Each structure stands twice: as structure tokens, then as C-alpha cells.
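Scroll down for the structure; my scribbles are underneath it.
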Amino acid sequence: MTGRIEDYAMIGDLRSAALVSRTGSIDWLCLPRFDSGACFAALLGTPDNGRWSITPTEKATITRRYRGDTLILETRYKTKSGEAMLTDFMPVADHHSALVRLVTGLKGRVEFETDLAIRFDYGITVPWVEREDEETIRAVAGPHALALRTPAAIEGRDMRTSGKFCVAEGETVPFTLTYWQSHLPMPFPIGVEAALEETEKFWRGWSGKALLDKRTQKPVMRSLITLKALSYRPTGGIVAAPTTSLPEQPGGQRNWDYRYCWLRDATFVLLAFLNAGYTEEADAWQNWLVRAIAGSPDQFQTMYGVGGERRLDEWQIPWLTGFENSGPVRIGNAAALQLQIDIYGELADAFTQASRGGLPPVPRRTEIRDVFLGHLAEIWAQPDEGIWEIRGPKRHFVHSKVMAWVAFDRAWHAAKERGDKRATKRWKVLADRVRREVLKRGIDKKRRCFVQCYENTEMDASLLMLPIVGFLPPRDARIKNTVREIEKRLMHKGLLRRYETSSGVDGLPDGEGAFLACSFWLVDNFALAGQRRKALALFNKLTKLANDVGLMSEEYDPVAKRMLGNFPQAFSHVALVNSAFNLAGTRGKRKPIVVRHAA
């Protein structure tokens, strides 16, 4: 049986990532990429769907941590007979992905049992398993191959590779599991000590470059490491999460595949990396964006594969029961083809913030912006599926319209800077037109606050973005009223839900947890409105929701006190980073970076 979502930690190699449970079981791993088929899928099924467990045979007290500011996981087991540590990591290299697991005796003598079940294609394909030599067992199925190397006495057969071994004080038993394409020669063995040293050197070198405020350094650094770990090194793309179908409500249908790169994350990620001093990562991300959207603007998608792939066809896996029986398990994401007008604003703002941040201009940036703005000019007045990717009828979402305004607003400022009077006039006229419409149709006249959609009364946490993107000042009465109504209608035990799911706006059954990124946006609103004490209190409350190794999922259930949704979630971690910089700004050390004005 798998644990709760917060029981997991992540290791990765900037191409893929594995989830390791508190007890020492790797229950999720896709190879060779984040969005490849899983070879360990027990997270969404049973151990028979693939997992790799290394755990003491005796009852143990368990503690764990990351080794400093790295992605090397250390799990300590204390039993009656002794103490031992399991060190898990994935070497960051330019060749084959691999898992390295080191079991080290710390005191006395501890007996362990390992159980390895490899199941390619999301837990259904059983490979051939055969012994290559005394220390090597090979598993092959179709194009996929994995080699397990260890001096431990274990047995390999088609269904399982398992065995028991002991470690005494000062002893280390290594295990490596290396992936390669089966038609190629088997990779050479990994030198585990050198791999550990190089991996630690890489992560310490990377984290050592961060420019952080000491008061929030620990949660911000872990969030930045998590964002880096979710990046696909060959292209610069960043996935929303390494998992699919972890439920937003246990037993419900809100289960989506997040192993892709969302255009919506563009500005958030750029600001996080730029303000932390990681210009190389920010530049790689903006270049990925430009490559991904290359082509006709009417074919823009909300998300792409890590290499910029566009075919993300959604289908359901019938043989996996889902996390805690929360089906269906979905692969691919049909929301990729939805009309989400806000992504045009995010793209325009990403270009603006990249320029302000001193990043090198990407090829044809002005031409690209003019082309997609021309298309936006034709479609901005249409209803869309919005930021939350509803699967019900399209609506005139206020957030979508405001982000269309952002696109035109940033465009006329950019045109003015380069002295293009014609473009300045065109985009300013459109920006003013969108603004007037939103102020006329997007406000509840009785409460004098913004609402989720034109001519309705529901609230939506995405409205918290209005002062952040500069649509209105944070202390404008309409913004203050909106924040108050959001707290009144969407707050549950101190945390915000995205919107009122009981309204049926999304075409799905009612119910989900609090959305962590939205709660961080409330932190930003408090800070920008001068309510620093409230902002800091909420920020501290949110950071305490991270698990014991500092990771956050998409949502949180404040009643059951557990994480929900895909994990770890880039949107939650990037919101944490930007809120931390915003709080630092309100102390006078720097201008609040989340106020994304064009000028």
C-alpha cells in the first residue's frame, strides 16, 4: 500500500524524477523523460505495477532529510539491532538515467530486504529478467532495458527481483539501476562514490549561486532546487509536476496529467529565477518558450511536451486503480487544446520581464509578439476555458480578459520604447477598450468587487492577480472589496480555494482542496496593500504546510491536514519564491518584484 502524498520525497537528474516513500520504496519513475511511460507505477496502483523497496526487516524509527541544499535524499532507520542510512540520488549526467541507492551501516547490524518489480508502460508490461553476471541482473521489454547492479545476494525472475542482506557499522552496500534503449549496448557500471561526489558538487554549486534573503532562505532554496529538478536539461522546459493523476479530491475525478510545460508558468518562473540570480535558467526557459510557440498563432497551446511536442492526447489507463482508488488515471491532457486567453498575456509579460531582467533578446521577439497580438486582437472578446481549464461551457472569465489587457498594455509600452507610433496607438487603443469592458461587465455593482465571469456573482482567486499585473493599484477600493469577498467566499480554515466548485462552472462534481498558489497570491495582495503583518503571518502558515523535506503539492486539505494533487507542484513552489521576494521588497530592500507593470 502506498503512503500519503506528503510521505514522498523527490530525486531527479534533470531529465526525469522518482518519488521515494518514507519507508524507502520508489513508487513512481518515468524513463527516459518526465512524460515517458512509468516503469514504477505503484503510486497509482499496487506493488505489482512496479516499485523498488529497500527497507529493514525489523520495525524501525525513520527520519529523513536532503543532504544540505542538494537533491540527495538520506533516510535513517533505527532498529533494536542497530542504525543504518539509505542514500538515494540520480546522477546528473549527460548520458543514461540511473538510480543509485546506498545502504550504509551506522551502528550495530541491520538486516534489509529489497524487492524490485519493474513494469514498463505504466505498470502493465512484465519484462524478461535474466542474470548477466554475479552482480548484474538485466530486465528487457521492447525498446526499454534496465540493469540492476549490486554485490548483495539477490535473485531475479520475471515477476520479482528480491533478497535480504545485512549491513554492519562502517559497511555500505551499493545498488544501481541504469536505463538504456534495449537495441544499444548495456552501459558501463557506475562508479557510485564518484557519482555521489559529482552529484553533490553539482547541487551545492548550483544552490550556492542563489541571492536570497536570510529570513526566508530555507523554504525558498528548497523551492528553487525543486524548480530546477523539474526542468528538462536538454531543452530548458519545466514540467508542472513529475506525476499524473494524484487526486485533488480523494475518490474524485479531478485527476490530471501534469508532466508537461505550461505557458502560463512563464512569467512566474522567469521572475523567480531572475530575482534569485539564476539568469541562465531564466534564459533557457524563455528560449524554450519561443521554440515551443513557433508557428501559426491560432495553433498556440496552453501546454507542450518537454521538447515542445504538441500531441498530448488524453487517454485513461484501465489497469491502474488510481491513488487511493481515485480514478480515472489519465495520460496526456486534453486541456492543451483549450482556448485560454490568459496565456497571451503571460507570453507578452514574459517578454517584458525578460527584457527588464537583462536577458539576451530571443530571435524575432518583436515579430513574434506582433503576430500573436494580431491574433489576440481577433479573439480576446470570445469566451474561453480560463486559467482553471474548466471542462464545462466556455465563459467570459474576468481574469482572461485582464490578461488580454496585459498583452496589449505591455505591447504599447514596448512599441513606445522603440519609437513605433503606429503600433503604440493600435495596442493602446485595444488595451483601453479591454479595460473599459472589464470595468463595466466584470464588477458586481452591489458589492463593488470583481467577479469570476461577466454578469455573475461567483468569486475566483485568480482575481488576486489584478493588482499584481498592474490592472489597478492594490489600494483601489474595488481591489480591496475583491480581496475581502475572496476571503469571505473562498477561505477555508485560513487557506484559499480556487473558485466555488459548487457552482458547476467547471463541469465536474463539487469539491477540492485549498489551492496553495492562490494562498500565496493573497500574501502578495496583503503585502502590496501595506498589510505586512498579515502577509508574513500567512506566508509562515503556508510554508509550514510543506512536508518534512520541504516539498509542496498542488493543494492542501485543511480538515484532514494532508496534501492533495500532483506532487511536487511547480506552481506552488514558484508562488512561494515570488511571495518571499515580495515580502523582502516591502521591507525596503528592493522593489516588490511581483508588481508586473510594463513601465
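LEU148 - would you say it is in contact (Cβ under 8 Å) with a residue 60 or more places away in the chain and in a strand (DSSP E or B)?
no
Tell me, yes or no, whether region 247-261 has at least one residue that is modelled with pLDDT under 95, of a type in the set (Asp, Glu), farther than 24 Å from ARG497 by Cα and under 16 Å from the mean Cα position of the chain (by Cα).
No, every residue in region 247-261 fails to be modelled with pLDDT under 95, of a type in the set (Asp, Glu), farther than 24 Å from ARG497 by Cα and under 16 Å from the mean Cα position of the chain (by Cα).
Going by what's in this entry, would ILE54 be described as of a type outside the set (Asp, Glu), farther than 30 Å from GLU314 by Cβ, in contact (Cβ under 8 Å) with a residue 40 or more places away in the chain and crowded, with 20+ Cβ neighbours inside 10 Å?
yes
Among the strands (runs of 3 or more DSSP E) confined wholly to region 1-61, which include 2 or more residues that are in contact with an Asp or Glu (Cβ under 6 Å, 6 or more places away or on another chain) and closer than 24 Å to THR178 by Cβ?
The strands (runs of 3 or more DSSP E) meeting that bar are 17-21, 51-56.
Scan region 492-523 residue by residue and report those that are acidic (Asp, Glu) and under 20 Å from the mean Cα position of the chain (by Cα).
Just the residues of region 492-523 that are acidic (Asp, Glu), to begin with: 500, 506, 510, 512.
Hit for region 492-523 is GLU512, nothing else.
Kindly indicate which of ARG533, ARG475 is more than 27 Å from LEU19 (Cβ to Cβ) and either in a helix (DSSP H, G or I) or without any contact (Cβ under 8 Å) to a residue 40 or more places away in the chain (or both).
ARG533
Does GLU455 count as open to solvent by 10 Å² or more (accessible area, probe 1.4 Å), out of contact with any Lys or Arg (no Cβ under 6 Å at 6 or more places or on another chain), at positive phi and modelled with pLDDT under 95?
yes
Looking only at region 482-503, which residues are in a helix (DSSP H, G or I) and either open to solvent by 30 Å² or more (accessible area, probe 1.4 Å) or touching a Phe, Trp or Tyr at 6+ places or on another chain (Cβ under 6 Å) (or both)?
Across region 482-503, the qualifying residues are THR482, ARG484, GLU487, LYS488, ARG489, SER502, SER503.
Check PHE120, PHE89 and return the single one that is closer than 27 Å to ILE331 by Cα and either in contact with a Cys (Cβ under 6 Å, 6 or more places away or on another chain) or without any contact (Cβ under 8 Å) to a residue 12 or more places away in the chain (or both). Show your work before the answer.
Numbers: PHE89 fails: either in contact with a Cys (Cβ under 6 Å, 6 or more places away or on another chain) or without any contact (Cβ under 8 Å) to a residue 12 or more places away in the chain (or both).
Of the residues listed, the single one that is closer than 27 Å to ILE331 by Cα and either in contact with a Cys (Cβ under 6 Å, 6 or more places away or on another chain) or without any contact (Cβ under 8 Å) to a residue 12 or more places away in the chain (or both) is PHE120.
Looking at GLU193 and the list (1) of a type outside the set (S, T, N, Q); (2) open to solvent by 20 Å² or more (accessible area, probe 1.4 Å); (3) in contact (Cβ under 8 Å) with a residue 60 or more places away in the chain; (4) in a helix (DSSP H, G or I), which single condition is not satisfied?
(3)
Need pairs with beta-carbon distance below 9 Å; first residue under 12 Å from LEU430 (Cβ atoms) and open to solvent by 10 Å² or more (accessible area, probe 1.4 Å) and within region 400-413, second of a type in the set (Ser, Thr, Tyr) and assigned to a helix (DSSP H, G or I); sequence gap 6+ or separate chains.
Filtered contacts from region 400-413: TRP412/THR424.
Taking region 313-357, which residues are closer than 30 Å to ARG410 by Cα and open to solvent by 60 Å² or more (accessible area, probe 1.4 Å)?
LEU337, SER355, ARG356
Mind checking which residues of region 331-375 are in a loop (DSSP other than H, G, I, E, B), among the aliphatic types (A, V, I, L, M) and over 18 Å from LEU271 (Cβ atoms)?
Scanning region 331-375 gives LEU339, ILE341.
The values are calculated or read from the model by the stated rules, or taken from the named source; none is laboratory data. Since the model is a prediction, treat every value here as computed from it, not as a measurement. Heads up, the Cβs are rebuilt from the backbone with ideal geometry, glycines too, and the neighbour counts pull from every protein chain shown. Note: areas computed on protein heavy atoms with side chains; ligands, DNA, RNA excluded. Shrake-Rupley method; radii C 1.70, N 1.55, O 1.52, S 1.80 Å.
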